[in-house]
1. Run the numbers for Arg451 and Ser141: contour at 0.36 nm per residue of separation, minus the present Cα-Cα distance, in nm.
2. Which value in Å is the Kirkwood Rh of region 113-219 over different Cα pairs?
3. Please work out the C-alpha center-to-center distance from region 145-177 to region 243-287 and express it in whole Å.
4. Which order results if Asp153, Asp413 are arranged by neighbouring Cβ count within 10 Å, fewest first?
5. Arranged by the count of other C-beta atoms within 10 angstrom, fewest first, what order do Glu102, Glu145 take?
6. Using every pair of alpha-carbon atoms in region 71-155, split the distances into 5 Å bins beginning at 0 and state the percent of pairs per bin, rounded to integers.
7. How big is the equivalent ellipsoid of region 290-444 along its three axes, where each semi-axis is √(5λ) from the Cα gyration tensor, reported in whole Å from largest to smallest?
8. Dividing the Cα radius of gyration by the Kirkwood radius, what Rg/Rh value follows for region 225-282?
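Where a number appears in this text, it was derived from the coordinates with a stated rule and is not lab data. As the structure is a prediction and not an experimental result, all values here were calculated from the model. So basically every Cβ, Gly included, is an ideal-geometry build from the backbone, and we count neighbours across all protein chains shown.
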Amino acid sequence: MDRSQAGDGRTNGAKRRRLTRTLGAGSLASVLILGTFNPPAVAEPETPVSYPKGASASRATGLAFDTCTAPSLEALHAWQSSPYSTVNVYFGGANRGCEQPELTKSWVQEAAAMGWDLLPTYVGRQPYCVHADGMSTFSESDAHEKGRNNAEDAIAQAKTVGLLPGSALYADIEHYDQSDDDCRTAVRRYVSAWTSTLHANGYLAGVYVHHSSGLADLSGSHGSAHHARPDAIWVADWDRDTTLTGWPNTSDTKWAEHQRAKQYRGDHDATNGGVTLSIDSNAIDAPVATVAHQYQVTSDVGLKARTGPGTSHPATGSHAPGATLSVVCQSGGEKAGATSVWNQLVDGTWVSDGHVSTPFSSGFSDALPRCTYPGQVSSAAPLNARTGPGTSHSTTGSPLSSGSLAWVVCQADGMAVDGTSVWNKLADGRWVSDRYVSTTSGSSWSDPIPRCG
């Protein structure tokens, strides 16, 4: 993103290196090329995410930094002593300003193996009224087409560097002229097409925006029946305040459930572990990239892969002793030996964690995310969360506001609510009726979300 346009909007030519070179990227002819499923026929604004097998969302909290060119692995190793735990990567887009010699699939895997969360940003087309010169833009008439095309290309570029389905991909929308009503409409159309296209192909949709332009406009269309709502918002406001609530131009009830990031300080040098980088600083509590982690089979005999997290699920094959497994996430399941933890692999199959070289053999590993399948809350009124799968169970915690992400880990049968008896268990242990969560089915199970054990 162009640091000269973020925050207070003041222009400084020395800070525009990120947008000085246009790096073209090919686009795909149709979103249907990118997946084997059709987008679900559900109205805006909370389009469901069509998670394929092997997908899972990931979430980061704490501090993040972004720099124009992805740092070397040596620099990331040195910065493990820093207060930051997430690093942004500019993985594509016609307006991306820096070449990325480090950004490869192996870099992504090794950065994740060090413990870094990755915040993927796509610097695509910009609104025609953007406060910058020489950028590829979209207009009110072609905003939907450009948003869809940019999302298609973003998915292709994400796959190239190993950002798996379930990842959140963030569209960079630079600061633009808020007085141009047609341009404001164009932004909403672009973001809507970006969001629905990513959702149809199994990715979450985020947007980076300026606090006084993009945030204000997207907040205004948060409940619109004509625009798909992004899952996460990353705002530029260089006030040095890391707080993720109390923002101007929106309310705390919007993007309220681990759906926010903030660029709170612009371009500055920081040194950690003897390595100096020029960075922006961010606070984050939002979805990020999902990356496969490599582990080995530790058993002396073949390890069976199954269709679900338990030995009652059919076996689909076997992994030889010592074989390398690409693990996406972990989930609870049927107890096998000393553990009830199961690992989901990139092909969507499951293996018991008891015979895999993850850091813990009997519990969840901090290095791996829990398997989650977020969907937006679709009820107009706040949605009560309960202690169990039914309205007879007591409410607990704060209700989920419309558009909030319900971080679903599994589904179970419970008391019928308006045509469905499916209930979603959330990552925090609470339960909500699936009737009011935008999953791919409003009345039955939504694969690949596992059944609760």
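1. Contour length minus the Cα-Cα distance gives 107.2 nm.
2. Details: mean 1/r = 0.0715 Å⁻¹.
Kirkwood hydrodynamic radius for region 113-219: 14.0 Å.
3. 20
4. Details: Asp153 20, Asp413 14.
By the 10 Å Cβ count, ascending, the order reads Asp413, Asp153.
5. Neighbour counts put them in this order, fewest first: Glu145, Glu102.
6. Taking all Cα pairs of region 71-155, the binned fractions are 3, 13, 20, 19, 15, 11, 11, 7, 2, 0 percent.
7. 33, 15, 14
8. Details: Rg = 14.6 Å, Rh = 13.3 Å.
Here Rg/Rh amounts to 1.10.
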